[in-house]
Amino acid sequence: MIDVDVEQQVGSFTLRARFTADAPVVGLFGRSGAGKSTLVNAIAGVTMPRRGHVRVDDVVLFDSERRIDLPPQARRIGYVFQDALLFPHLSVEANLLYGHHLRAPAVRFIEPRHVIDVLGLARLLPRKPGALSGGEKQRVAIGRALLAQPRILLLDEPLASLDVPRRMEILDYIERLRDEFHIPIVYVSHSVAEITRLADTLVVLSAGECVGVGDVDDVMGRIDLKPYTGRYEAGAVIESTVVAHDLDFDLTTLAFAGGELTVPGINAIIGERVRARIRARDVSLALDKPMGLSIVNVLSGRVTAIREESGPVVDVQLAVGETVLTARITRRSLVQLGIHVEQDLYALVKAVSFDHRSTGYA
Amino acid sequence: MAGLSPEEVGIVLLSLRVAVVSVLCSLPIAILVAYVLARTRFPGKILVDAVVHLPLVLPPVVVGFALLVLFGKRGPIGSLLNDWFGIVFAFRWTGAALASAIMGFPLMVRAIRLSMEAIDRRLETAATTLGGSRAWVFASITLPLALPGIITGVLLSFARGLGEFGATITFVSNIPGETETLPLAIYSLTQVPGGDAQALRLSIIAVVLSVLALVTSEWLTGRATKAKSDDRR
C-alpha cells in the first residue's frame, strides 16, 4: 500500500501528484518531462516536497503537517536508478552487501543467497562493476536495493540504458523477484509495453499531475487519457499456467480459468504461472464453432458488454469462464451477425498474435 | 647513508620530519575543507575559498611574518597554545612544519576538491538510500573515490614542504639542528666561501628526494585508479 500526495516546485516545474495504490506492481507512467523522476525522488526522500505526505504500509515517511521527514537512509526504499550507479571501487559482492550490512538484523528478511540465486549473480561476485555489461549492472543494482531490506522497490526506468534483448531479460528477472520476495514494486517508465506487461495498477502522470489511476486495462482503455497514453491496443491480460510444451512445433499450451490457449513456445517450465496479453484486434468472433480453420484457439464465451468506439469499430467484451476477453470488430459485423449482450459465441485467437512481449511470468 | 656526513644526514632527516609531519597534520583538515567546498553551498563560501588559497598567491615572507605575529610566543594564538598545551612553534622545528603545512595547504585542498567534484554525486545519493548515514557514505564512498586526488594532494604538499624557504626562515629562522632544513642549509652554504661543493651535494639529495616522492605518488595514483575502475571492457 502506497499513499502519496506531494507538492513540489523544481525551477518552473510544479509537481502536484496524488495517488494511492495497493498492488504487487504499480506502474508510474508518463512521457519524459512529466515529472516521474521528481516524484520518485520525493518518495525516496532524496528531495523534500513543499507540502504533502508519503506513506508506505502505514509507515509515515513524510508528512509536512506533522513535520515528519525521514531521511533517505531511514526510509528503507529500494531505489534502483536508470543507470545502476554501482560503486565503482567495490566488487559486485561488496556492492550487493552495502545496504545489507547497514540494516539492523531485526529488519533483515531478505537473504543474500536468495537474491544471488534469483538474479543469477553468483558468477559475477568477485568482479568490479567496470567489467560488467549493462544488463548485469542493472541486475546487481536491483539485488543491492533488495538486500537493503526495502519496504518497497522503486525502479526508475531500469531498462532505459539497455538494448532490446537485455530489456526482455531484465523484465523476466523483475517478474521473478516480484513473485519470490513479495515486495511491492513501483515501476517507472515511459514505455507502454513495459508497463502493461508488469503493472497491475497504473498511475498516469502528465505535466506534474496524476491524471489517471486504476487497473492497467481500465486506465489504458480510457479515451480521455489517450493524449497521455498514446495509441494503445485495447486488450485483456490473462493469468494462466503452463500445462504443456509441443517441442515439435515449438508451441506452449496455457490453461486459464475458461479454457486453454496455444501460444508460440515460451521459456517457462510446466506449472509456472504466466501472463498472456490478448489484444482486442487479434480476437475474431463466430456464432458457431468453426471447422477447417487455421486458427488454433477457439474459446466459447458469452457477451457481457458492447462498447461503442467512435468510427467503424466496436469493442465486444465476453466472459470466457471467469476471464474477460475483448474483441475489436467492425460495427457492420456486429450488426450483420446480430451480436448482443448475453449471447453465446466463439472467440477466435490466432496463436501467432502472441508476440514475445505479450507473454511473461505472472 | 653512504658518503653523507652526520651533519648532512641530520639535515635530511629534519627536512623529511618537517615535511611528513606537516602533511600528516594538515591532511585531515584539508580533506574536510575540500569536502565542504566541493559539497556544500553557504554564504561567504567565496571568502573561505580565498583564505584557503591565500598562501598560494602571497609572498612566502608575508606568510612567515603573519605566522610570527600570530603564533609567536606573545602572539594571540601562540601564547594561548603555550599556556594551555605547552605547544611552542616559534623557532622550533614544529614551527617549520606549521609553515610547510600552511604553504602546502592550498595545493592539497585543490587536488582533493577537484577529485571530489569529479565524483558522481548520485553515487552518494544511492548509498544514502541503501541506509548509509552521511558520515558513513563519506567514509565508504566519497573518500575512496577521491583517493587519486588525495595522493596527488599529499605529494604536492610534501614537495612544497621539502622546498619551503621564505615562510620558514621568516617564522622560525635558520637554527642548525632545529629549523635548518635542506633549502635553508643550501642557502647558508652558498653564502659562505667554499660552500659550493657541499651545496651541490645537498641539492642533489633534494633532487633525489623529489623524484622519489613523484615516482611513489604516480605509482600509488595508478594503483588507486586501477582499483577504482578495474579494466573497463
Task: Listed residue (A:ILE329, A:MET291, A:GLY265) projecting farthest to the positive dipole end of the stretch A:236-361, Cβ model - done: A:ILE329
Open item on the list: What percentages make up the Cα-Cα pair-distance distribution of the stretch B:167-216 when the bins are 5 Å wide from 0?
Closed with: 5, 21, 23, 21, 20, 9, 2, 0
- [ ] Using every Cα-Cα pair within the stretch A:236-361, state what percent have a distance larger than 25 Å.
- [x] 24
Task: Two-site FRET efficiency, A:SER161 against A:SER32, from Cβ-Cβ distance with R₀ of 22 Å, rounded to 0.05 - done: 0.95
Task: Alpha carbon centroid spacing (whole Å) that separates the stretch A:165-200 from the stretch A:73-93 - done: 18
TODO: Only Cα pairs under 8 Å and at least 6 apart count here; give the relative contact order of chain B as a rounded whole percent.
DONE: 27
Open item on the list: Taking each residue in A:240-249, count the Cβ atoms of any other chain within 10 Å of its Cβ, then average. What number comes out?
Closed with: 0
- [ ] Determine Rg/Rh for the stretch A:56-121; Rg is computed over alpha-carbon atoms and Rh is the Kirkwood hydrodynamic estimate from the same atoms.
- [x] 1.03
Task: Proportion of all alpha-carbon pairs of the stretch A:2-231 beyond 29 Å (%) - done: 26
Open item on the list: Taking the 0 to 90 degree range and rounding to the nearest ten, how far is the long axis of helix A:134-147 tilted relative to the main principal axis of chain A, both from C-alpha atoms?
Closed with: 70
TODO: With r as the distance between the Cβ atoms of A:LEU251 and A:LYS289 and R0 = 25 Å, compute the FRET efficiency 1/(1 + (r/R0)^6) and round to 0.05.
DONE: 0.75
- [ ] Note the count of lysine pairs whose C-alpha atoms are less than 21 angstrom apart in the protein assembly as shown, limited to pairs 8 or more residues apart or on different chains.
- [x] 7
- [ ] Summarise the partner chain shielding of A:78-91 as one whole number: the mean count of Cβ atoms from other chains within 10 Å of each residue's Cβ.
- [x] 5
- [ ] For helix A:92-102, report the angle its Cα long axis makes with the longest principal axis of the Cα atoms of chain A; keep it between 0 and 90° and round to the nearest 10°.
- [x] 70
Task: Length added when fully stretched, A:VAL352-A:VAL296, from 0.36 nm per residue minus Cα-Cα - done: 19.2 nm
Task: Neighbouring partner chain Cβ atoms per residue of A:207-218, average, 10 Å criterion - done: 0
Task: Alpha-carbon Debye profile of the protein assembly as shown, log10 I(q)/I(0) at 0.09, 0.10, 0.13 Å⁻¹ - done: -0.83, -0.94, -1.27
Open item on the list: Among A:VAL10, A:VAL26, A:LEU159, whose Cα projects farthest towards the positive end of the dipole of the protein assembly as shown, with charges put on the beta-carbon of Lys, Arg (+1) and Asp, Glu (-1)?
Closed with: A:VAL10
- [ ] Just rank A:TYR228, A:TYR187, A:TYR98, fewest to most, by other beta-carbon atoms within 10 angstrom.
- [x] A:TYR228, A:TYR98, A:TYR187
- [ ] Compute log10 of I(q)/I(0) for the stretch A:160-305 with the Debye formula, placing one identical point scatterer on every Cα and leaving out solvent, at q = 0.21, 0.22 Å⁻¹, to two decimals.
- [x] -1.47, -1.51
Task: Amide N of the stretch A:298-320 lying under 19 Å from the label point, which is placed 7 angstrom from the Cα of A:GLU342 along Cα→Cβ - done: A:301-307, A:316-320
TODO: Could you let me know the centre-to-centre spacing of the stretch B:1-67 and the stretch B:98-177, using Cα atoms, in angstrom?
DONE: 10
Task: Furthest towards positive pole of dipole, A:LEU121, B:PHE71, A:HIS340, structure part the protein assembly as shown, Cβ charges - done: B:PHE71
TODO: Could you work out the relative contact order of the stretch A:2-231, using alpha carbon pairs under 8 angstrom and six or more residues apart, expressed as a whole percent?
DONE: 29
- [ ] Calculate, for B:ASP196 and B:ILE87, the FRET efficiency according to 1/(1 + (r/R0)^6) with r their C-beta to C-beta distance and R0 41 Å; round to the nearest 0.05.
- [x] 0.60
Task: Viscosity 1.306 mPa s, 10 °C: Kirkwood-radius Stokes-Einstein D of the stretch A:97-242 over Cα pairs, µm²/s - done: 94
- [ ] Identify which of B:PRO106, B:PRO55, B:PRO76 has the largest mean-square fluctuation in a Gaussian network model of chain B, with springs joining Cα atoms closer than 10 Å.
- [x] B:PRO76
- [ ] Put one equal scatterer on each alpha carbon of chain B, apply the Debye formula with no solvent term, and list log10 I(q)/I(0) at q = 0.11, 0.12, 0.15, 0.17 1/Å to two decimals.
- [x] -0.65, -0.76, -1.05, -1.22
- [ ] Could you work out how far helix B:182-191 tilts from the main Cα principal axis of chain B, as a 0 to 90 degree angle to the nearest 10?
- [x] 30
Task: Spin-label model distance (nm) - B:TYR187 vs B:ARG17, 7 Å beyond Cα toward Cβ - done: 2.1
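Computed from the coordinates by the stated procedures, all read-outs in this text should not be read as laboratory data. On a predicted model such as this, the values are computed, not experimentally measured, just so you know. Cβ atoms come from the backbone with ideal geometry, glycine included; neighbour counts cover every protein chain shown.
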